[in-house]
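Here the structure is laid out as structure tokens; the discussion comes afterwards.
The values are calculated or read from the model by the stated rules, or taken from the named source; none is laboratory data. Keep in mind that this is a model prediction, so the values were computed, not measured. Note that each Cβ is placed from the backbone with ideal geometry, even for glycine, and that neighbours are counted across all protein chains shown.
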Amino acid sequence: MGFTVLPHRARYSVRRERGQVMPKQVRGPSMHDVAARAGVSHQTVSRVLNHHPSLRPETRDRVLAAITELGYRRNLAARALVTGRTQTIGMVGPDTADIGPLSTLHAIEKAAREAGMSTLMTSAEPARAQVLETVEFLLGRGVDALAVAAQQSEITMAIDQLNLDVPVVHLLAGDQDVTLAASVDQQAGVRMALGHLRDLGHERIQHISGPLTFGEARSRRATFEAFIASEGLELLPILEGDWTADSGYAAGRDVAAEATAVLCGNDQMAFGLIHALHDRGVSVPREVSVVGFDDTAEARHSLPPLTTVSQDFAAVGRAAVGLIVARLAGSDDAAPLIQPELLVRESTAPARG
């Protein structure tokens with residue numbers, strides 16, 4: 001993490017200049033002051049500030065105590081002038097409170113801190129002008145890289161067209177064709193869920209997709225359609241929600257009477273669907289099995305507890321920071337897709353006869 005000099009109460013010396021009393025500001029504590037207080041070299045102080053792993057714990061503690069006593073913080077602006085970098089990742093988040101992207105951004109903040117970097121986050125609506133304003137805001141603060149968790153195609157295309165000279169990592173990109181991505185294997189997740197339902201004997205499976213402006217929603221829907229075709233099953237009408245429980249509830253009114261299972265594009269829509277089926281007098285899972293996607297905290301406590309595809313958003317965040325650090329060091333390595341996991345709970349059961 002970077003440090004800047006804290007604003008101390010002004011200290012002045014008095015000197016006369018043409019009859020005037022002029023304030024002369026005294027400098028704040030320096031790295032050398034910290035070194036002198038801790039009884040170490042200024043190189044050791046630098047290693048503490050940069051989270052060097054080889055330091056003895058007692059040395060680190062002594063330096064940190066001196067930093068606290070003196071009120072020292074490193075001047076990031078001065079450091080940037082020397083190194084050409086601010087050690088800051090700019091994060092572009094969604095304009096809605098989507099759990100997956102926000103969880104990933106939180107993981108990036110944590111991983112960045114462990115890598116000795118800072119983060120700065122703002123959000124963007126799916127409009128070119130808004131995207132440009134968001135990116136200009138972050139670049140104007142000297143970020144070294146961007147991590148973009150706004151998954152709509154309009155945002156991705158707008159950013160790619162800017163030809164930025166900093167690394168840009170797209171998070172949870174789905175089927176979007178981007179240069180650098182940290183994502184979960186959506187196709188594998190859908191196939192896991194559908195394979196589970198087929199093992200339970202389900203042949204009439206319906207899908208509630210997320211909004212198709214999202215790459216992940218398109219990827220899940222395309223994989224669903226391909227799986228159904230490969231199994232020689234009838235493709236029931238695909239319903240579309242907007243990721244919210246309300247949209248899942250609304251879609252639940254249109255679930256086909258012959259459907260024995262429904263794969264939902266995320267957990268929230270699955271919760272809404274279960275509510276709608278209950279209101280229709282349809283038992284879950286005795287009459288209709290339901291599978292979600294994401295494994296939100298609520299999935300374990302819904303009634304019934306939700307079978308769902310777990311996405312490791314923390315791993316996506318760590319992969320994104322790893323990509324950024326590697327790119328800044330000159331590496332062109334790509335990150336492998338994060339593999340999902342199917343968590344079987346009580347919302348799925350053998351197909352009714």
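Structure summary
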quantity: Hey, Val178 within 17 Å of the chain's Cα centre (by Cα) and in a strand (DSSP E or B) or not; calculated: no
quantity: Filter result (among the small types (Gly, Ala, Ser) and either at pLDDT 95 or above or under 13 Å from Phe224 (Cβ atoms) (or both)) within the range 173-193; calculated: Ala188, Gly189, Ala193
quantity: Residue that is assigned by TED's automatic domain parsing to the domain that holds Phe293 and assigned to a helix (DSSP H, G or I), where the choices are Ala158, Ala193; calculated: Ala193
quantity: Count - residues of the range 303-341 that are crowded, with 18+ Cβ neighbours inside 10 Å and touching a helix residue (DSSP H, G or I) at 6+ places or on another chain (Cβ under 6 Å); calculated: 12
quantity: Any hit, the range 288-309, residues being within 21 Å of Thr223 (Cα to Cα), touching a residue at least 24 places away in the same chain (Cβ under 8 Å) and touching a Phe, Trp or Tyr at 6+ places or on another chain (Cβ under 7 Å); calculated: yes
quantity: Test: Arg128 is touching a strand residue (DSSP E or B) at 6+ places or on another chain (Cβ under 8 Å) and outside the structural domain of Ala229 (by TED's automatic domain parsing); calculated: no
quantity: Hits in the range 94-117 - residues which are among the hydroxyl-bearing types (Ser, Thr, Tyr) and touching a Gly at 6+ places or on another chain (Cβ under 6 Å); calculated: Thr104
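Quick grid of which residues meet (1) surrounded by 24 or more Cβ atoms within 10 Å (Cβ to Cβ); (2) closer than 16 Å to Leu273 by Cα; (3) without any contact (Cβ under 8 Å) to a residue 40 or more places away in the chain:
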{"position": "Gly210", "(1), (2), (3)": "yes, yes, no"}
{"position": "Ala222", "(1), (2), (3)": "no, no, no"}
{"position": "Phe227", "(1), (2), (3)": "no, no, yes"}
{"position": "Glu231", "(1), (2), (3)": "no, no, yes"}
{"position": "Glu240", "(1), (2), (3)": "no, yes, yes"}
{"position": "Tyr249", "(1), (2), (3)": "no, yes, yes"}
